[in-house]
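Trainee: For reference, the structure I am asking about is given below.
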Amino acid sequence: MQKTIRISEGQLLYLASKAKVENTMCGYLHKRSSDLGKWQQRYFVLYQNVLFYYETEMSTRPSGVALLEGSYCDRIISPSSKSRDTDKQ
């Protein structure tokens, strides 16, 4: 059973500002938009188990946040092909 997490906007903005100063991993990634499904470049900052994303690196307010508690990542190795799409993966 998942636990409910309550966090105020002020707390979230505090964590976001702290994340930009103390980030361990950050950089540009592509994110699929929810409305049209287009891929957009966004600046991501990982702070502990919270992933913030911004319009650009200079943005002060995050566009969104993802809580990664209980998440995991598997690396999938696909057959190499010589298409240009391979570089984007």
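Trainee: Would a scan of region 57-66 turn up a residue that is open to solvent by 90 Å² or more (accessible area, probe 1.4 Å), of a type in the set (A, V, I, L, M, F, W, C) and at pLDDT 90 or above?
Mentor: So far as region 57-66 goes, yes, one or more of its residues are open to solvent by 90 Å² or more (accessible area, probe 1.4 Å), of a type in the set (A, V, I, L, M, F, W, C) and at pLDDT 90 or above.
Trainee: Give me the residue from region 68-89 that is open to solvent by less than 100 Å² (accessible area, probe 1.4 Å) and modelled with pLDDT of 80 or more and, out of that set, farthest from the chain's Cα centre (by Cα).
Mentor: So the residue we want is Gly70.
Trainee: Here is a follow-up. Using the structure shown, decide if Leu13 is out of contact with any strand residue (DSSP E or B) (no Cβ under 7 Å at 6 or more places or on another chain), open to solvent by less than 100 Å² (accessible area, probe 1.4 Å) and at pLDDT 85 or above.
Mentor: yes
Trainee: So which residues in region 28-55 are exposed (fewer than 13 other Cβ atoms within 10 Å of the Cβ) and of a type in the set (S, T, N, Q)?
Mentor: The answer is Ser33, Ser34, Gln41, Gln48, Asn49.
The values are calculated or read from the model by the stated rules, or taken from the named source; none is laboratory data. The structure displayed is predicted, hence computed values, not measured ones. For neighbour counting, all protein chains shown are included, and Cβ atoms are generated from backbone atoms with ideal geometry for every residue, glycine included. For the accessible areas, the whole protein counts, side chains as well, though only heavy atoms, and no ligand, DNA or RNA atoms are used. Shrake-Rupley method; radii C 1.70, N 1.55, O 1.52, S 1.80 Å.
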